[in-house]
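Colleague: Please read through the structure below; I'll follow up with questions.
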Amino acid sequence: DGVHFVVGLGGIGEGEARLYHLDGTLVHTFKGHTDVVWGLAVTPDGQHIISSSPDRRVKVWSVASKSLVGDCIGHNGGVTAVAVMPDGKRILSGATDKTVRRWLLDGTQTDSFRLHTGTVRALVALPDNQHALSGSEDFTVKLFNVNDGAVLRTFTHHTYPAYCLALLPDGLRFVHGSQDNTARIAYH
C-alpha cells in the first residue's frame, strides 16, 4: 500500500512477521511459527501477509483482523520461499523438499510440483497469472505453468545455487542472483 512494510524474524522455538508503518512504528506482530520466518509475501490488495518457515508451514494472516486465516501444511521440509499470484487468491511455496506447492488463502493445497533436484530458494509470480519462476540450489531457474507444473524453460546461467529472483518493472524480464556472486537479467 506504500505506507507499510513487513519483516520476518525469529529463532529456534519462535518466528514472527512484523507489520510496520513506514515511519518505523510497529503496527502488529503476527506470531505462530515455531522457527524463524524465511519467506514473506503480501497479496496485491495488501489485505494478507504470507509467511513461511523451517517449521514446514506457510501461514496466511489477515491484516484487517490481525489473525491467522490459513495454515498451509504439507511440505516435508522447511519452507524457504513464498509468492502470491497476481489474482491474490493463490499462493506458491517452495521448500527444502524440492517441491513447489500451490495453495488457496484458506490453506487448502491445490497442487504440488517437483521441478528441481535441489531446495527451492526463490519464487516470483508473473503478471499473466498463469506462470511463475523458481530458483533452486540445483543452480537453475525454471519458468513453469502454475496450473499444471509444466516447465516451459530452464535457465542454466549459474555455477552455484540460485537464491533470489525479482521481476523487472516491464514484466518481461527478471533478475536472478546466485551464490556464484553473479546477478543476471533474462527474458522469461
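Colleague: Give me the percent of the accessible area of the chain that comes from carbon and sulfur atoms, probe 1.4 Å, all protein chains in place. If you can, show how the numbers build up before the last one.
Modeller: Details: 4370 of 8480 Å².
For the chain, the apolar C and S fraction of the accessible surface comes to 52 percent.
Colleague: Next question. Ordered by residue, what ³J(HN,Hα) values in Hz, to whole numbers, does region 63-79 give under the Karplus form 6.51 cos²θ - 1.76 cosθ + 1.60, where θ = phi - 60° and Gly and Pro are x?
Modeller: 5, 5, 8, 6, 9, 6, 10, x, 10, 8, 10, x, 5, 9, x, x, 8
Colleague: Rank-order 10-16, 21-27, 124-130, 54-60 by packing density, defined as the average count of other C-beta atoms within 10 Å over each peptide's residues, highest first.
Modeller: Numbers: 10-16: 15.1, 21-27: 9.4, 124-130: 16.9, 54-60: 23.3.
Averaged packing, sorted descending, gives the order 54-60, 124-130, 10-16, 21-27.
Colleague: Follow-up. Between D87 and D128, what length in nm is gained on full extension when 0.36 nm per residue of separation is reduced by their alpha carbon distance? Before the final figure, lay out the partial values.
Modeller: Values: separation 41, 0.36 × 41 = 14.76 nm, distance 0.94 nm.
Net length gain for the segment: 13.8 nm.
Colleague: Here's something else I'd like to know. Report Rg (one decimal) and Dmax (nearest whole number) for region 23-131, counting Cα atoms only, units Å.
Modeller: Rg and Dmax of region 23-131, Cα atoms, are 13.2, 42 Å.
Colleague: In addition: Express the relative contact order of the chain as a whole percentage, based on alpha carbon pairs under 8 Å and six or more residues apart in sequence.
Modeller: Result for the chain is 11 percent.
Colleague: About the Cα centre, and with charges only on the beta carbon of Lys, Arg (+1) and Asp, Glu (-1), how big is the dipole of the chain? Nearest 20 debye, please.
Modeller: Numbers: 17 positive and 18 negative charges, 51 e Å.
The calculated dipole for the chain is roughly 240 debye.
Colleague: Calculate I(q)/I(0) for region 50-104 by the Debye formula, one identical point scatterer on each C-alpha and no solvent, and give its log10 at q = 0.23, 0.26, 0.29, 0.30 Å⁻¹ to two decimals.
Modeller: -0.82, -1.00, -1.17, -1.22
Colleague: Assigning unit charges at the beta carbon (Lys, Arg +1; Asp, Glu -1) and nothing else, what dipole magnitude in debye, to the nearest 20, does region 84-188 show about its Cα centre? List each step's numbers first, then the result.
Modeller: Values: 11 positive and 10 negative charges, 12 e Å.
Using only the charged Cβ atoms, the result is roughly 60 debye.
Colleague: In nanometres, what is the gap between the two model label sites at E14 and N147, each 7 Å from Cα along Cα-to-Cβ?
Modeller: Calculated label separation equals 4.5 nm.
Colleague: Spin-label point model (7 Å from Cα, Cβ direction): what's the T182 to S65 distance in nm?
Modeller: Result for the modelled spin labels: 4.8 nm.
Colleague: Additional query: Please work out the average accessible area per residue across the chain, using the 1.4 Å probe convention, and give it in Å². Present the calculation step by step, with values, prior to reporting the outcome.
Modeller: On the way: 8480 Å² over 188 residues.
It amounts to 45 Å² per residue over the chain.
Colleague: Say the cut-off is 26 Å between C-alpha atoms; which of K66/K142; K31/K89; K66/K98 go over it? Numbers along the way, then the final one.
Modeller: Working: K66/K142 35 Å; K31/K89 22 Å; K66/K98 31 Å.
Listed pairs above 26 Å: K66/K142; K66/K98.
Colleague: Now for a separate question. Using mean Cβ contacts within 10 Å as the protection proxy, how do 69-75, 114-120, 93-99, 37-43 order, highest first?
Modeller: 93-99, 37-43, 114-120, 69-75
Colleague: Counting only Cα atoms, I'd like the Rg/Rh figure for the chain, Kirkwood definition for Rh.
Modeller: Numbers: Rg = 15.6 Å, Rh = 16.4 Å.
My calculation puts Rg/Rh at 0.95.
The values are calculated or read from the model by the stated rules, or taken from the named source; none is laboratory data. Because the structure is predicted, anything quoted here is derived from the model rather than measured. In this analysis, Cβ positions are derived from the backbone assuming ideal geometry, glycine residues included, and neighbour counts consider all displayed protein chains. Only protein heavy atoms, including side chains, enter the accessible area calculation; ligands, DNA and RNA are left aside. Shrake-Rupley method; radii C 1.70, N 1.55, O 1.52, S 1.80 Å.
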